[in-house]
1. Quick one: Pro61 ticks every box in (1) touching a helix residue (DSSP H, G or I) at 6+ places or on another chain (Cβ under 9 Å); (2) open to solvent by less than 40 Å² (accessible area, probe 1.4 Å) bar one, so which box is it?
2. Only residues that are open to solvent by 50 Å² or more (accessible area, probe 1.4 Å) and either among the small types (Gly, Ala, Ser) or under 25 Å from Ala70 (Cβ atoms) (or both): list them for the stretch 189-213, please.
3. For the stretch 58-81, state whether one or more residues are within 16 Å of the ligand (Cβ to nearest atom), in contact (Cβ under 8 Å) with a residue 40 or more places away in the chain, part of a loop (DSSP other than H, G, I, E, B) and not polar (S, T, N, Q).
4. Give me the pairs: first residue in the stretch 93-105 and in contact (Cβ under 8 Å) with a residue 12 or more places away in the chain, second residue surrounded by fewer than 20 Cβ atoms within 10 Å (Cβ to Cβ), beta-carbon distance under 6 Å, and six or more apart or on different chains, which are they?
5. Among the candidates Thr27, Thr14, single out the residue that is within 14 Å of the ligand (Cβ to nearest atom) and at pLDDT 95 or above.
6. For the stretch 1-29, enumerate the residues that are under 21 Å from Ala66 (Cβ atoms) and open to solvent by 10 Å² or more (accessible area, probe 1.4 Å).
7. Which of the residues belonging to the stretch 100-109 are open to solvent by 20 Å² or more (accessible area, probe 1.4 Å) and among the charged types (D, E, K, R)?
8. Please give the number of the condition Ala226 fails out of (1) in a helix (DSSP H, G or I); (2) of a type in the set (A, V, I, L, M); (3) over 20 Å from Gln115 (Cα atoms).
Amino acid sequence: MLADTEVARVLSITAHPDDVDFGAAGTIASWTDAGIEVVYCIVTDGDAGGFDENFPRAEMPALRRAEQVAAAKCVGVHDVRFLGYPDGRVEATLELRRDLARVIRQVRPDRVLSQSPERNYVRPGISHPDHRAVGSATLDAVYPDARNPFAFPELRDIEDLAAWTVREVWIAGGVTPNHYVDITETFPRKLAALRAHESQTAQRAGLADFLRTRLARTAEAAGLPAGHLAEGFQVLDTA
Ligand SMILES: [Zn+2]
C-alpha cells in the first residue's frame, strides 16, 4: 500500500452527490490535511434525490451540485467535476468508461477512490445500482482504459490526453474491507460535509448518532480502542 507521502493526487469517483461524504469524507480530510490534492468526480447530479415534493424537480441538479461543492470545502476539496449522467439510470457502459478514463488522464491521480461494484448483502442500502455501475466502470477505466494508449484513441489523438496508470484504488462500502482509517479527529468535518447536503440530510434528526454508531462499529472491527471512529476500505494494488 502506498504511504500518503507517496501520493500527490487522489481522484474520487462516485455516483451521487453525498456518496463520497458518507463513505470517505473523514479520510479525505486527513489526506488534504497532509497536503494531498483531492479532486471529486460525481457521475450524476443526484436529480432523483431529495424529499420535498414541493421543490421544483428541474432545480434539483443545480441544488445538489451546489451542496456537493459546499460539502467538499468542509474537507479541503476545491475541485469538483460533474459528468451529468441521469440519477438512477447509470450503467457501466463504454461511454461511461471513456468519460472516466478521460477524467483520470486529466487529473493523473496516484490513488483513485470509488464505490463497490459488488452487492453488499449485509447492508443492501449501500449497493444502489448506480453505485455498483460506477464502481465497475471506474475499475475498468483504471485498468485497462486509462493506461492503455490504444484504448479510446480519441482521448489521445483528439484531446491530447496521454495514458495514465493509477497505482492504487480504494473501494468504500465494499464487502471485504482490508484497511481502516481512524477518523476520530476529522469526524466533525465529515459531519459538516454531510450537513451541507441539506436536501438529503436535513430531515435526519439522528444523523450524528447514526454516523457515530456505524463508524464506531467500523473502528471496533479495525481493532481501535473504544471511543474511536473509523472508515473502512478495500485497497487494491493497481500499479
Ligand atoms: Zn448514492
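1. Exception for Pro61: condition (1).
2. Arg189, Arg195, Glu198, Ala202, Gln203, Arg204, Ala205, Asp209, Phe210, Arg212
3. For the stretch 58-81, residues within 16 Å of the ligand (Cβ to nearest atom), in contact (Cβ under 8 Å) with a residue 40 or more places away in the chain, part of a loop (DSSP other than H, G, I, E, B) and not polar (S, T, N, Q): absent.
4. Arg97/Asp140; Asp99/Leu83; Ile104/Trp164; Arg105/Trp164
5. Thr14
6. Listed by number, the residues that qualify are His16, Asp18, Asp19, Phe22, Gly23.
7. Listed by number, the residues that qualify are Arg102, Arg108.
8. (1)
The values are calculated or read from the model by the stated rules, or taken from the named source; none is laboratory data. Source: prediction; values computed, not measured. Virtual Cβ from ideal backbone geometry, glycine too; neighbours counted across all protein chains shown. These accessible areas exclude ligands, DNA and RNA; they are computed on the full protein's heavy atoms, side chains included. Shrake-Rupley method; radii C 1.70, N 1.55, O 1.52, S 1.80 Å.
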